[in-house]
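Shown next, in structure tokens, is the structure this report addresses.
The values are calculated or read from the model by the stated rules, or taken from the named source; none is laboratory data. Computed from a predicted structure; not experimentally measured. So basically every Cβ, Gly included, is an ideal-geometry build from the backbone, and we count neighbours across all protein chains shown. Ligands, DNA and RNA are stripped out before the accessible areas are found, and what is left, the full protein with its side chains, is counted by its heavy atoms. Shrake-Rupley method; radii C 1.70, N 1.55, O 1.52, S 1.80 Å.
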Amino acid sequence: MRLGRPLHNARWNRRLHGSVAQQLGVRILRGELPEGHHFPGEIEFAEQLGISRSALREAFRILSAKGLVESRPKAGTHVTPRSEWSLLDPELLAWQFETEPSEKFIHDLFELRMVVEPYAAELAALRRTDAEATAMGAALDEMERFGLQTEQGRHADQRFHELVLAATHNDTILALSSSIKAAVAWTTLYKQRNRALARDPMPEHRALERAIAARDTRDARRAMEHLISLALADTEAALDDA
């Protein structure tokens, strides 16, 4: 079994463990290595991949930490059931979008956002500090200046969503921040992979910012719901173009 990319050159050797884990992870997420798949023995598999046994063990350790594989003495290493995968791991989200994400996965992701972010926006409107409100406005100024076609603009978008979650002052909600940011980042990239964004995303972001700044909890919730609904529609259109 070959991974499809050379693993011997200097570029890959710099981050060999991560690259092997990534390539195997993508194949698992794509279904090429299905649930229950048993990998060859360590010596044999390392030789097939052209890497050292220590590099393979480290790659499996990374995948195991994300719930994708399980290794047992004498039983070897196998792909775990999907129910055990850490699907909200930011790196795993990135790998998911290296494959062709399924419509169900996209809808699951947006359903999660719809569960978490509208209430977070409501809490943010209630609890935000003046400094947090100012930072949200600054993030949107940067997003508008650079646009979502640029890395700077996308980072500003992620920063805005992070600030909304932070303004809840709820540590358990904030714990989801990296996953929400990753979901925003990768769906944004996915939406514009084959074409420019179909609409200007700033109006709904500005409406949300204004509601939070005004401490209007009802409008903040509604604005976030509207923002997420439009983002889902854009992503569905990108799926149709696939």
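List of remarks:
- When LYS181 is tested against (1) open to solvent by less than 40 Å² (accessible area, probe 1.4 Å); (2) in a helix (DSSP H, G or I); (3) at pLDDT 90 or above, only condition (1) is not met.
- Against the test of being more than 30 Å from ALA211 (Cβ to Cβ) and under 23 Å from the mean Cα position of the chain (by Cα), the options ALA59, ALA55, ALA46 yield a single qualifying residue, ALA59.
- Subset of the range 211-223 (residues that are open to solvent by 40 Å² or more (accessible area, probe 1.4 Å) and either more than 13 Å from VAL164 (Cβ to Cβ) or of a type in the set (Val, Ile, Thr) (or both)): ALA214, ARG215, ASP216, THR217, ARG218, ASP219, ARG222
- Residue count for the range 193-241, restricted to those that are part of a helix (DSSP H, G or I), under 18 Å from ALA135 (Cα atoms) and either more than 21 Å from the chain's Cα centre (by Cα) or at pLDDT below 95 (or both): 12
- Filter result for ASN9 (modelled with pLDDT under 90 and open to solvent by less than 70 Å² (accessible area, probe 1.4 Å)): yes
- Boolean, ALA65 is surrounded by 15 or more Cβ atoms within 10 Å (Cβ to Cβ) and either at pLDDT 95 or above or touching a Leu at 6+ places or on another chain (Cβ under 8 Å) (or both): no
- Filter result for LEU174 (free of Cβ contacts under 8 Å to residues at least 12 places away in the same chain and open to solvent by 10 Å² or more (accessible area, probe 1.4 Å)): yes
- Condition check for ALA46: crowded, with 18+ Cβ neighbours inside 10 Å, free of Cβ contacts under 8 Å to residues at least 24 places away in the same chain and either part of a loop (DSSP other than H, G, I, E, B) or at negative phi (or both): yes
- Among residues of the range 49-66, those that are touching a helix residue (DSSP H, G or I) at 6+ places or on another chain (Cβ under 7 Å) and assigned to a loop (DSSP other than H, G, I, E, B), counted: 3
- Remark: pairs (first residue in the range 151-166, farther than 18 Å from ALA211 by Cβ; second residue modelled with pLDDT under 95 and among the basic types (Lys, Arg); Cβ separation under 8 Å; 6+ apart in sequence or on different chains) = GLN158/LYS181.
- Taking residues in the range 84-96 that are part of a loop (DSSP other than H, G, I, E, B), and partners anywhere that are of a type in the set (Val, Ile, Thr), not one pair has Cβ atoms closer than 6 Å while being at least 6 places apart or on different chains.
- From GLU70, GLU103, residue being in contact with a helix residue (DSSP H, G or I) (Cβ under 8 Å, 6 or more places away or on another chain), open to solvent by 40 Å² or more (accessible area, probe 1.4 Å), at pLDDT 95 or above and not hydroxyl-bearing (Ser, Thr, Tyr): GLU70
- Residue list for the range 58-77, filter: under 11 Å from PHE39 (Cα atoms) and β-branched (Val, Ile, Thr): VAL69, THR77
- Checking the range 155-162 against the condition returns a match, with at least one residue being touching a Ser or Thr at 6+ places or on another chain (Cβ under 6 Å) and either in a helix (DSSP H, G or I) or under 22 Å from ARG222 (Cβ atoms) (or both).
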